[in-house]
Amino acid sequence: MKPYAWIVGFICVLCSFAAPARGGFGDSAQDDFFARAKLIMSKFEIEIYTHLATAADRDEFIADFWKKRDPSPGSEENEFKDDFDKRVEFANRWFNERGPGDSGWDSDRGRILLMLGFPDQREQMPMLNQPRIKAAEIWTYQKFFLRLEFIDQEGVGQFRLEQWPLELLDAIEQVKQLGEPAGNKNYFRFKVVRDDAGLVIEIPLQAIVLEERGDAVRTAFAITADVYCDYVKLERLTLTREFVQSRAEFTARKSIIIAIPYSFPKAGKYFLDVVVEELVSGQRSREFVKFKRTGKK
């Protein structure tokens, strides 16, 4: 994590643990979606969604939101969304700390459950006879080397997360990319910048899985880029790129460069939502570009 980035991450997570924004769009289904899903949204997605002008635009965003996180987009089911819904149901049943009419997912345990999924181990310690701790739960996520302690200080069934380790912030940031936490520092990432000709994607060589092709090696990528201008979706760009070279030629590279021609059609505030899938391994990653274009080129 970059220097001081953990401070920004800590503030963002604290904000997400504040009273949830309900959207206020007048559509209960859309408001419920945003109240829960914003826990796993990037800050760019939150900004875009809260500025969408019509219910139809929000419905399209919601469909894309789940589709981009679907681990098997070729099947009819969306395992990620199904699992997320199960987490909401579980939290509402077991973590309802403030009585009837409240939502269990809107508690410290519920929000961690929605963001990171079910822990590998959950240790419950009721009836503790300590001055400041009447009950406790310890959750362990092995892939993150993460141990979380939830403390009930008053003995009334309200558990609070005591500490915010950096591993927790790293895990949450991974989830906000595509909903698939990798549990390590080397998960697939790329860089994307825009120029007058369109977009330029740079993928570090160490992030790429190569496939043997006789004396050569191959890698391939599928790319989608949603283009928003002034919070209106203009279009979706899609393309694939394949690279076949000798192993010596590949190892001489530092990265793969992919140019995407695009003429930004008008002045305004642009958001570019870019997803790259590395087709050999199936790894996916996501980045956002935000910029303002003024006047004509």
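Since every read-out is calculated from the coordinates, none of them should be taken as a lab result. Quantities reported herein were computed from a predicted structural model and do not represent experimental measurements. Here the Cβ positions follow ideal geometry from the backbone for every residue, glycine too, while neighbour counts run over all protein chains shown.
Under the simplified labelling scheme, the L234-E212 pair shows an inter-label distance of 4.6 nm, with each label point 7 Å from Cα along Cα→Cβ. In the list (i) 70, 51, 35; (ii) 58, 46, 35; (iii) 66, 48, 41, the label attached to Cα extents along the principal axes in Å as derived from the coordinates here is (iii). Run lengths n ≥ 4 of DSSP H only: what is the helix-derived mean residue ellipticity at 222 nm for the chain, with -39500 (n - 2.57) per run over all residues, to the nearest 500? Helices in the chain give a 222 nm mean residue ellipticity of -9000 deg cm²/dmol. The slack between K269 and I138, meaning 0.36 nm per residue of separation minus the straight C-alpha distance, is 42.7 nm. Given R0 = 41 Å, the distance between the Cβ atoms of F291 and T251 translates into a calculated FRET efficiency of 0.75.
Residues within the reach of a label modelled at A222 (point 7 angstrom out along Cα to beta-carbon, backbone nitrogen below 17 Å), restricted to the stretch 195-210, are 209. Net length available on complete extension from E77 to R122 is 13.4 nm, with 0.36 nm assigned per residue and the Cα-Cα distance removed. Panel order for W139, W164, by other beta carbons found within 10 Å of each beta carbon, from fewest to most: W164, W139.
Annotation: extensible slack from E149 through A55 equals 29.8 nm (criterion: 0.36 nm per residue apart, minus Cα-Cα distance).
The stretch 70-144 and the stretch 228-283 have Cα centres lying 36 Å from one another.
Relative protection proxy for 119-126, 108-115, 87-94, from highest mean packing down: 108-115, 87-94, 119-126 (other beta-carbon atoms within 10 angstrom).
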